[in-house]
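J.: Okay, here's the structure, questions in a sec.
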Amino acid sequence: MRAVQFQKSVLRFAIVKTLGKLMPKVMTSPLGMVTLREVERPKLPSPRWVRVRPRLCGICGSDTAVITAKSSLLLSPLTSVPFTFGHEVIGEVVEVGSDVSKVRVGDRVVVEPALSCFVREIEPPCLQCSEGNYACCEKVTEGIISAGIQTGYCRDTGGGWSDELVAHEWQLFKVPDELDDEIAVLTEPFSCALHSVLRAFQCFQGEPKTSLVIGCGTIGLMTIAALRVLERASGKEPLHLIAVAKYPHQREWALKLGANEVVNANERVYEKLADLTGAKLFRPELGKPTVLGGFDMVFDCVGSENSLEDAVRWTCANGVLAVVGMPAEPKVNWTSIWFKELKVIGTYAYGIEDWQGEKVRTFELALSLLKENASLFKGFATHKFPLSQWQQAVQVAIHPGRNKAIKVTIHP
């Protein structure tokens, strides 16, 4: 079978890191760290595992960060190589283990990527898993499979950029018949956004009235959608929601999904945000403006040094800053965090949510809300490539502006 795989190589990492900006195609060339190859089918690790044939798989920012050598090395010891990319998967069950009861051959499913104690069949589960925070599992190097925090970063599971992968039945959720593949493939990133928004609301004291979303790639736009969808579902008073977006097509999508205003990331952002909010700007001797006022809740959906610096400045006193986009290794001035007594939270992946008086897994909530709001996401998956054209797919995802890309997908 075919699989797009990552191989660790210091030399290739150096080549991509050095030449990538000047020659972007080197990242997906034979000189890069990724290649399409013929591999053996992954084995079912236990009778509770299932074989899945991908129907569609998204390209995530974490995937492109690895391919372009921009991701932090902090998590590298928690992966096993060679791994097959792809964790935003909708697929069809083609084989089930003898103890599987949750799904059957022929079922259309989405895969929740977190490789927790429940997936690794570790008893008793670690503290995080037992409390419902299973994406933060503390035993991701143990159990019946190799190291890996998620499907797509573990050599034993395979990934969605392939002809087949394997998943534990605990990871699988049946897709409602009403949901097209192009919308169902959004379940994983939408779950990340829902988890971020729910956590931010939990951390804010009182009812927030204003919110800022920095960055309108997939995860930023999904965060805007999550804010609006959750508001409607829970009857909350609508926030005044402002977004900062880099490209014109992202600004159009931000408005479509519910932003009240969208600021061009390339034009006088601080001045425009100050005009929109009434915040006051003060000029220090060096660096960006000091901000008094700002937003009750800020979602940084980029994770760059620049975006994090903006995020801490634009969160108002006693506000909540949610770091949604995967940071690399940025330096941030902590003075704003200290001076304004901010609550800064990391929001990673998914888990068990408190929703309308019940405990529910984020993926379950995401599928339900996607079904109810399917028309809102029509056209969000802007590009679809066959597996054989993975290089073109990655290049489009790396350059969303010139390609008007939102969610780029791959299929066998």
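J.: Do you know which of the residues in segment 109-123 that are surrounded by fewer than 24 Cβ atoms within 10 Å (Cβ to Cβ) and acidic (Asp, Glu) is farthest from Ser146 (Cα to Cα)?
T.: That would be Glu123.
J.: Gly293: open to solvent by 20 Å² or more (accessible area, probe 1.4 Å) and closer than 27 Å to Ser375 by Cα, yes or no?
T.: Details: open to solvent by 20 Å² or more (accessible area, probe 1.4 Å): yes; closer than 27 Å to Ser375 by Cα: no.
No: the conditions fail for Gly293.
J.: Quick check, is Lys102 of a type in the set (D, E, K, R), within 23 Å of Lys17 (Cβ to Cβ) and out of contact with any Phe, Trp or Tyr (no Cβ under 7 Å at 6 or more places or on another chain)? Full working, then the answer.
T.: On the way: of a type in the set (D, E, K, R): yes; within 23 Å of Lys17 (Cβ to Cβ): no; out of contact with any Phe, Trp or Tyr (no Cβ under 7 Å at 6 or more places or on another chain): yes.
Considered against the rule, which asks whether it is of a type in the set (D, E, K, R), within 23 Å of Lys17 (Cβ to Cβ) and out of contact with any Phe, Trp or Tyr (no Cβ under 7 Å at 6 or more places or on another chain), Lys102 comes out as no.
J.: If you check Ile242 against the conditions, is it touching a Gly at 6+ places or on another chain (Cβ under 9 Å) and hydrophobic (A, V, I, L, M, F, W, C)? If you could, list the steps in order and put the result at the bottom.
T.: Values: touching a Gly at 6+ places or on another chain (Cβ under 9 Å): no; hydrophobic (A, V, I, L, M, F, W, C): yes.
It is false that Ile242 is touching a Gly at 6+ places or on another chain (Cβ under 9 Å) and hydrophobic (A, V, I, L, M, F, W, C).
J.: For segment 311-412, please list each of the strands (runs of 3 or more DSSP E) lying entirely inside it that holds at least 1 residues being at positive phi and either free of Cβ contacts under 8 Å to residues at least 60 places away in the same chain or open to solvent by 30 Å² or more (accessible area, probe 1.4 Å) (or both). Reasoning before the result, please.
T.: Details: elements: 315-323, 343-346, 352-355, 358-361, 381-386, 407-411.
Once the strands (runs of 3 or more DSSP E) in segment 311-412 are filtered for at least 1 residues that are at positive phi and either free of Cβ contacts under 8 Å to residues at least 60 places away in the same chain or open to solvent by 30 Å² or more (accessible area, probe 1.4 Å) (or both), what remains is 315-323.
J.: Scan the strands (runs of 3 or more DSSP E) fully inside segment 1-81 and keep the ones with 1 or more residues being open to solvent by 40 Å² or more (accessible area, probe 1.4 Å) and over 30 Å from Ser101 (Cβ atoms). Steps first, answer last, please.
T.: Numbers: elements: 2-6, 34-38, 49-58.
In segment 1-81, the matching strands (runs of 3 or more DSSP E) lie at 2-6, 34-38.
J.: From the set of residues in segment 124-144 that are outside any loop (DSSP other than H, G, I, E, B), open to solvent by 10 Å² or more (accessible area, probe 1.4 Å) and without any contact (Cβ under 8 Å) to a residue 24 or more places away in the chain, which is nearest to His87 (Cα to Cα)?
T.: Among those that are outside any loop (DSSP other than H, G, I, E, B), open to solvent by 10 Å² or more (accessible area, probe 1.4 Å) and without any contact (Cβ under 8 Å) to a residue 24 or more places away in the chain, it is Gln128.
J.: Of everything in segment 192-221 that's polar (S, T, N, Q) and over 30 Å from Ala405 (Cα atoms), which residue is most open to solvent (accessible area, probe 1.4 Å)? Walk me through it before giving the result.
T.: As a first pass, look at segment 192-221 and keep what is polar (S, T, N, Q): 196, 202, 205, 210-211, 218.
Still in the list and also over 30 Å from Ala405 (Cα atoms): 202, 205.
On the way: Gln202: 113, Gln205: 147 Å².
Among those that are polar (S, T, N, Q) and over 30 Å from Ala405 (Cα atoms), it is Gln205.
J.: Please indicate, with yes or no, whether at least one residue in segment 164-186 is surrounded by fewer than 24 Cβ atoms within 10 Å (Cβ to Cβ), basic (Lys, Arg) and not in a strand (DSSP E or B).
T.: no
The values are calculated or read from the model by the stated rules, or taken from the named source; none is laboratory data. Since this is a predicted model, take the numbers as computed values, not measurements. Positions of Cβ are backbone-derived with ideal geometry, glycine not excepted, and every protein chain shown enters the neighbour counts. Quick note on the areas: whole protein, heavy atoms, side chains included, nothing else; ligands and nucleic acids left out. Shrake-Rupley method; radii C 1.70, N 1.55, O 1.52, S 1.80 Å.
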